[in-house]
Every structure is written in C-alpha cells, then in structure tokens.
Amino acid sequence: MIKTFPKLLQREDYFKCPLWVGDAPEFLSTLIKATDPYIKKAQKNEEKNIKERTKKLGDKKDMGHIYHSTTLIGDPKFNSLHNYILATSYNLLDEMGFSLERFKMFITESWVQEFAKHGGGLHDTHCHWNGHISGFYFLKCHMEKTSLPAFCDPRNGSLMNLLPEKDPNKITYASSKIFFKVKPGTIIFFPSYLPHQYILDLGYEPFRFIHWNIQAIPKGVIDAVQKK
C-alpha cells in the first residue's frame, strides 16, 4: 500500500495564555510616597520576629524577610491606580473573548510589599484562587540588581512530560518559565490562574511593588447582597 503525506503542514495555535506589559510612570512618585507609611508599618511589625531570630540563631539583620502591607483598598491615595486597573482588566478580559455584560469588576486584594534590605527575599511559585486578572506595578527595582518576576507554564500536562530545551535563553514552545526584567513604572497584567514567582533578591537595591487581584462578580449576586 502506498501512503502519501502532506508536503506542508500549517501550524495552528490554540489555548494561548496572554500576558500584558506596559509602562505607567505617571503613578510612580505619588505611589512611592503613598506606600512609604505602609512599608514602614510592615517593617515595624517584623521587628519582633527579627529580634527573636537573631537571639536564637544569630544576627542576619532582616535577611529573608518580606514586608507585606495591609490592604490598600479604600485608601483614596490609590484610587487613580485602582480605577485604572479595574478599567484595564475589564478591557483585557473582553479582548480575551469573555462576555462581561452580566458581570462587574471588583478589586478583591491590593497590597504593597518590599523585600528585605539585606537580601534573601523571594516568592515560591503560586497562583491566586478565585480571581480572574492579577497584576504588578513596580515602584522600586533595578533591571540587573534586584529580583524579577517569573511566569510558569500553567499546563500541568505539559510539565508532566517536559523534554529538555535546546536553548533555555530563547522563548519557544519548549519554555516552561519566562522571566521579565522590570524597571520602576513597569506594569504587568495576567490571568490569575498563571503561576508566578519572584527569584532570589540579593539586596543590592530596594525592591518594592504593588500586587492586586481582580474578580468579575455576577451582577445578580451583587444585587442580592445589596438588597439584604
């Protein structure tokens, strides 16, 4: 039996995972000033833990600590940023092809964090539950001297059968992790299901960013709650 094969195959890409990166320097000076009290309070809250560790294990200053703020939601100093990311997230979900007529966007979490002055700050791989769009806004960072975000392949099936990459320095269909060098004012939006992490920060310069999660909630649920 003679078998014939197509001479040319056309590639079709499906089930894509988007990520959006841009520059928004217009928020920088205002938000650095607005987040200063939150970081100072977070540093104050960690003083006891640092002293206890020093007493027990030896003095490593604040190495390895991450200063995590209380919520920024409701603070009017962040209204401009929050309004921007709400409107943008709606547009991005619409661009992805989702029908949002029966939904309203809400910021469910918003906080600022800064890594330890003496290095050692990092975040292990994780994703955010019960959300639709997440994002970062970078306030203090350096493209070479601080940590940076990494995004991981969300397809568990792909990771189970992953083959070695020919060149890990190139972004290809074989890539399982993508790193982004960021600068102050860089803003990143991504689907909340996308696993992400922060690589080890060595403490050469301050590393501070705002993180948020947004959820599209059915308007019927909102109406029912408001009627109570």
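The values are calculated or read from the model by the stated rules, or taken from the named source; none is laboratory data. All values reported here derive from a predicted model rather than from experimental measurement. Every residue, glycine as well, gets a Cβ built from its backbone with ideal geometry; the counts of neighbours run over all protein chains shown.
Quick check on Lys181: is it surrounded by fewer than 12 Cβ atoms within 10 Å (Cβ to Cβ), of a type outside the set (Val, Ile, Thr), in a loop (DSSP other than H, G, I, E, B) and over 10 Å from the mean Cα position of the chain (by Cα)? No, not satisfied. Could you tell me which residue of the stretch 155-178 is surrounded by the fewest Cβ atoms within 10 Å (Cβ to Cβ), considering only residues that are out of contact with any strand residue (DSSP E or B) (no Cβ under 8 Å at 6 or more places or on another chain) and within 28 Å of Thr108 (Cα to Cα)? For the stretch 155-178, the residue satisfying everything is Asn156.
Hey, any hits in the stretch 31-49 for a residue that's in contact with a Gly (Cβ under 9 Å, 6 or more places away or on another chain), touching a residue at least 40 places away in the same chain (Cβ under 8 Å) and either closer than 16 Å to Phe189 by Cα or surrounded by fewer than 20 Cβ atoms within 10 Å (Cβ to Cβ) (or both)? No; the residues of the stretch 31-49 include none that is in contact with a Gly (Cβ under 9 Å, 6 or more places away or on another chain), touching a residue at least 40 places away in the same chain (Cβ under 8 Å) and either closer than 16 Å to Phe189 by Cα or surrounded by fewer than 20 Cβ atoms within 10 Å (Cβ to Cβ) (or both). Taking the numbered list (1) in contact with a Phe, Trp or Tyr (Cβ under 9 Å, 6 or more places away or on another chain); (2) at positive phi; (3) of a type outside the set (Ser, Thr, Tyr) in turn, Gly120 passes all entries but (1). Checking each residue of the stretch 185-193 against the condition of being out of contact with any Ser or Thr (no Cβ under 8 Å at 6 or more places or on another chain), assigned to a strand (DSSP E or B) and without any contact (Cβ under 8 Å) to a residue 60 or more places away in the chain gives no match.
Determine, yes or no, whether Leu93 is in contact with a helix residue (DSSP H, G or I) (Cβ under 6 Å, 6 or more places away or on another chain) and surrounded by 16 or more Cβ atoms within 10 Å (Cβ to Cβ).
no
Listed here are the residues, each with its yes/no results for (1) buried (at least 18 other Cβ atoms within 10 Å of the Cβ); (2) modelled with pLDDT under 95; (3) more than 18 Å from the chain's Cα centre (by Cα).
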{"residue": "Glu52", "(1), (2), (3)": "no, no, yes"}
{"residue": "Asp62", "(1), (2), (3)": "yes, no, yes"}
{"residue": "Lys77", "(1), (2), (3)": "no, no, yes"}
{"residue": "Leu81", "(1), (2), (3)": "yes, no, no"}
{"residue": "Leu86", "(1), (2), (3)": "no, no, no"}
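When you check Thr146 against the structure, is it surrounded by 17 or more Cβ atoms within 10 Å (Cβ to Cβ), over 12 Å from the mean Cα position of the chain (by Cα) and modelled with pLDDT of 95 or more, yes or no? Don't jump to the end; show me each part of the working.
Values: surrounded by 17 or more Cβ atoms within 10 Å (Cβ to Cβ): yes; over 12 Å from the mean Cα position of the chain (by Cα): yes; modelled with pLDDT of 95 or more: yes.
The answer is yes for Thr146.
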